[in-house]
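Shown next, in structure tokens, is the structure this report addresses.
The values are calculated or read from the model by the stated rules, or taken from the named source; none is laboratory data. On a predicted model such as this, the values are computed, not experimentally measured, just so you know. Virtual Cβ from ideal backbone geometry, glycine too; neighbours counted across all protein chains shown.
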Amino acid sequence: MLDKKAILNSDDLPREEVVIEQWGGSVWVRTLTGTERDEFEASCVKSRGKNRSVNMVNIRARLCVLTMCNDKGERLFDARDIDALGKKSAMCLDLVFSVAQRLNGLGQDDVEDLAKN
């Protein structure tokens with residue numbers, strides 16, 4: 001039976017290396033923490049009173065900032081880097097974004113469902 005210490009000390013953020021030829025190397029992409037997942041989901045919804053809509057602005061860069069990491073799983077970027085990263089090649093961001101979606105169980109419909117809920 002797991003105890004508090006075992007749960008908190010477990011390495012439960014798997015990573016995957018992604019080669020980005022245009023950037024001249026590879027990056028690690030990892031699973032989101034619970035807090036990061038909540039942050040990402042909150043950033044995907046615009047609210048005005050009872051009206052909700054999906055915020056797709058810079059969505060690739062937002063997820064890439066939260067999931068790109070070094071070989072120890074430490075994030076490479078923070079929220080201040082979203083705009084700069086968003087100016088990089090859409091094709092390169094898509095490579096990272098696709099892996100981040102798969103590792104985190106984020107499908108195309110998930111973001112739209114956030115706005116509905």
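Among residues of region 62-73 that are under 11 Å from residue 100 (Cβ atoms), those with a beta-carbon under 7 Å from a residue that is small (Gly, Ala, Ser) and surrounded by fewer than 18 Cβ atoms within 10 Å (Cβ to Cβ) at least six positions away or on a different chain give the pairs 65/79.
Which fully enclosed strands (runs of 3 or more DSSP E) of region 16-117 have 3 or more residues being touching a strand residue (DSSP E or B) at 6+ places or on another chain (Cβ under 6 Å) and at pLDDT 90 or above? Step through it out loud before you land on a result.
Numbers: elements: 25-30, 45-48, 51-54.
Ranges flagged: 25-30.
When region 47-61 is filtered for residues that are touching a residue at least 12 places away in the same chain (Cβ under 8 Å) and out of contact with any Gly (no Cβ under 6 Å at 6 or more places or on another chain), the ones remaining, listed by number, are 52, 53, 54, 55, 56, 59, 60. Screening region 37-57 for residues that are surrounded by 12 or more Cβ atoms within 10 Å (Cβ to Cβ) and under 12 Å from the mean Cα position of the chain (by Cα) and picking the one that is nearest to residue 105 (Cα to Cα) gives 37. In the set (1) touching a helix residue (DSSP H, G or I) at 6+ places or on another chain (Cβ under 9 Å); (2) at pLDDT below 95; (3) of a type in the set (D, E, K, R), residue 11 fails one condition alone, (1).
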